[in-house]
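Pasting a structure below so you can have a look.
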Amino acid sequence: MSFRPILAALAAAVALSSAPALAGCILPPNAKALQQEVLAQLNTERRAHGLPDLRLSPKLDKAAQGHACDNARRRSISHDSSDGGTLKTRLQRAGYRFRAAAENTGRGFGTGSRAVDWWMNSPKHRSNILLGKVREVGIGIALSEAPDSKLHWVVNFGATQ
């Protein structure tokens, strides 16, 4: 009996839940569950407005997670990266060739549902969630260091060329 698949799964689980991760980025232990909560809530809102569901994109995830980590390090909700990058440059760096893209950021929401509820009550953020031409999403979540210890959220919406 080979233990390699079990050990690989265990290593992946530890890597995902460990902090720090992603070059000093602190991920919440329930990051994947929070990501799924945000995705479900986004798709509930889109369906309620006659729009198709969004599907997760690994490249958008990479861009969103990197920016969530950057914002958490700075305790920021900025759309500009610490190196001066923008959504466009972050998506290009992640290899995401887009024809449409938008981004929501947030800080301090304890759950994915609270984050989406807040965004739905903000006209600009709501329009990003309900943007009809996007089909994919990336969701990044990171914790700022103690004593702040706030969740930082980044959602990247996109449609490929």
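The values are calculated or read from the model by the stated rules, or taken from the named source; none is laboratory data. This one's a predicted model, so the numbers in the text were calculated from it and none came from an experiment. Cβ placement follows ideal geometry from the backbone for every residue including glycine, while neighbour counts extend to all protein chains displayed. With ligands, DNA and RNA removed, areas are computed over all heavy atoms of the protein, side chains included. Shrake-Rupley method; radii C 1.70, N 1.55, O 1.52, S 1.80 Å.
Determine ³J(HN,Hα), in whole Hz, for all residues of the range 116-129 in sequence, where each value follows from phi through the Karplus function 6.51 cos²θ - 1.76 cosθ + 1.60 and θ = phi - 60°; x replaces Gly and Pro.
Here the 3J(HN,Hα) series is 5, 4, 5, 4, 5, 9, 10, x, 5, 5, 4, 5, 5, 4 Hz.
Please compute the modelled spin-label separation between residue 78 and residue 117, points set 7 Å along Cα→Cβ, answer in nm with one decimal.
3.0 nm
How far is helix 4-17 tilted, in degrees, relative to the longest principal axis of the Cα atoms in the chain, given as a value from 0 to 90 rounded to the nearest 10?
Relative to the chain, helix 4-17 is tipped by roughly 60 degrees.
Continuing with this model, one more query. Once amide H atoms are built 1.01 Å from N in the peptide plane, which residues 5 or more positions from residue 107, or in another chain, come under 5 Å H to H?
153
Can you give the angle from 0 to 90° between the axis of helix 31-48 and the longest principal axis of the chain, with both taken from C-alpha atoms, to the nearest 10?
Between the helix axis and the principal axis of the chain, the angle is about 20 degrees.
Next up: Pairs of alpha-carbon atoms within less than 8 angstrom and 6+ residues apart define the contacts here; what relative contact order does the chain have, in percent?
Once normalised by length, the contact order is 32 percent.
What part of the accessible area of the chain, given as a whole %, is carbon or sulfur when the probe is 1.4 angstrom?
Its accessible area is 58 percent carbon and sulfur atoms.
³J(HN,Hα) across the range 90-106 via Karplus (A = 6.51, B = -1.76, C = 1.60, θ = phi - 60°), whole Hz, x for Gly/Pro?
Result, rounded to whole Hz: 5, 5, 4, 4, 7, x, 8, 8, 10, 10, 8, 7, 8, 9, 10, 10, x.
Ok, one more. Given the DSSP H assignment, sum -39500 (n - 2.57) over each helix run of at least 4 residues in the chain and divide by its residue total; what's the result at 222 nm in deg cm²/dmol, nearest 500?
Mean residue ellipticity at 222 nm (helix-derived): -14000 deg cm²/dmol.
Residue farthest toward the positive end of the dipole of the range 37-157, with Cβ of Lys/Arg at +1 and Asp/Glu at -1: which of 86, 122, 146?
Going by the Cα projections, it comes out as 86.
Under the Kirkwood approximation for Rh and a Cα-based Rg, what ratio Rg/Rh is obtained for the chain?
Dividing the radius of gyration by the Kirkwood radius yields 0.99.
HN-Hα J couplings of the range 66-73 from phi, Karplus 6.51/-1.76/1.60, θ = phi - 60°, integer Hz, Gly and Pro as x?
x, 6, 4, 5, 4, 5, 4, 4
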